[in-house]
Amino acid sequence: MKPHWNEDEFADQFVRPRTQSHADECADCRDQLEKFSTALRGFRDAVHSTAERPPFFWAAQRTAIRAHVADRQKPHSTGWALASTAALVALALIMMLAGNTPQPAGQSSISANVQVDEDELLMQRIGDSLLSNVADPLQPTNLIASDLSNAVQQAQNGSAQ
């Protein structure tokens, strides 16, 4: 009788079974080979049963994959939002900087002229009303009004030049 298999011979017989082998003559090696085959089949069956999923699982997987692919194909709206925000900020900065450019001497904007003219007219009316027949207790106010009137006239003379 031939000695029992070593590990390499056992593996070789299991992977590539021969028609004539030591297991035909030795009951111990035959039992060991059968136990190993049974354990391996049990492992294979357990793996298959664990991997098997019901049809609704695979349908959900397909839906999730299709949604993921469709999402990757959509243009990203956050990128467009950031780009448009940056463009608006740049445009606002350009407009603000362009509005603060100094004007040549002797020229001023029309709205500034209108505002200054209205303010000067109001100050002149206040000064005129203060200077007209004022009682003695209001005499210090009369001096303030005349100072204001002189300041307005100097401002008008300065802006006219």
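Just so it is clear, none of the values below were taken in a lab; they were calculated from the coordinates. Since the structure is predicted, the reported quantities are computational estimates derived from the model, not experimental observations. Neighbour counts are summed over all protein chains in view; Cβ atoms, including those assigned to glycine, are modelled from backbone coordinates with ideal geometry.
Key figures
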item	result
Stretch gain in nm, segment Ala70-Ala39, where the contour uses 0.36 nm per residue and the Cα spacing is subtracted	6.7 nm
Rounded to whole Hz, the Karplus (6.51, -1.76, 1.60) HN-Hα couplings of segment 60-70, x for glycine and proline	5, 5, 4, 5, 5, 5, 5, 5, 5, 5, 5
Inter-probe distance in nm under a simple model that places probes 7 Å from Cα toward Cβ, at Ala90 and Ser49	6.6
Fewest-first sequence of Phe43, Phe36 by Cβ atoms within 10 Å of each Cβ	Phe43, Phe36
Vicinal HN-Hα couplings computed from phi for segment 30-35 (Karplus, 6.51 cos²θ - 1.76 cosθ + 1.60; Hz; Gly/Pro x)	5, 5, 5, 5, 5, 4
